[in-house]
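The next block holds one structure in the form of structure tokens; read it before the comments.
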Amino acid sequence: MSILKEEFPVAAMDFVTAGEASAQIKRMLKKLGVDPGVIRRLAIACYEAEINLVIHSDGGKLMLELNPDNVTLISEDVGPGIPDIDLAMSEGYSTASDDVRMMGFGAGMGLANMARNADHFNIESIVGEGTKIEMVFDIK
């Protein structure tokens, strides 16, 4: 039984609003009394996922589901997909353009930070279609 279920669209290359969905999710969980440690880990992973949607996809969404035992965050996009997930999970590996890197993004830490902060992490990607990342954060 879900306590809360929300969806947040994220536009490709929209650096002006990048981070707004993550901030909104953080505020919602805080108001609902979720443990601050869980919120901190989820906020880091959520921001990384949101920035990856902005940089690497043709657009996507973040989906949040709060349950009595955990919070699930799903990042789903339409885009090029990831040809080598193991390589993409390597710290420092990035396919971000030079323009994106000049803005301070694309350091190659996004997926690694998501996996490090989530209690359960799963990534599926189909080249030419898109990527889906599911992260679960235990609250009990």
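The values are calculated or read from the model by the stated rules, or taken from the named source; none is laboratory data. All values reported here derive from a predicted model rather than from experimental measurement. Glycine gets a Cβ as well: all are built from the backbone with ideal geometry, and neighbour counts include every protein chain shown.
Counting only residues that are within 30 Å of residue 67 (Cα to Cα) and part of a helix (DSSP H, G or I), segment 97-140 holds 8 of them.
Looking at 58, 86, just one residue is surrounded by fewer than 16 Cβ atoms within 10 Å (Cβ to Cβ), acidic (Asp, Glu), within 18 Å of residue 120 (Cα to Cα) and out of contact with any Ser or Thr (no Cβ under 9 Å at 6 or more places or on another chain), and that residue is 86. Within segment 82-140, restricting attention to residues that are over 15 Å from the mean Cα position of the chain (by Cα), closer than 18 Å to residue 54 by Cα and acidic (Asp, Glu), which residue is modelled with the highest pLDDT? Filtering first and then ranking leaves 129. Mind checking which residues of segment 40-81 are more than 12 Å from the chain's Cα centre (by Cα), farther than 13 Å from residue 9 by Cβ and either among the hydroxyl-bearing types (Ser, Thr, Tyr) or in a loop (DSSP other than H, G, I, E, B) (or both)? 67, 68, 69, 79, 80, 81, listed by residue number. Can you go through 22, 2, 94, 90 and tell me which one is part of a helix (DSSP H, G or I) and among the hydroxyl-bearing types (Ser, Thr, Tyr)? Sole residue among the options that is part of a helix (DSSP H, G or I) and among the hydroxyl-bearing types (Ser, Thr, Tyr): 22.
Filtering segment 38-53 to residues that are surrounded by fewer than 22 Cβ atoms within 10 Å (Cβ to Cβ) and touching a Phe, Trp or Tyr at 6+ places or on another chain (Cβ under 7 Å) leaves 38, 41, 51.
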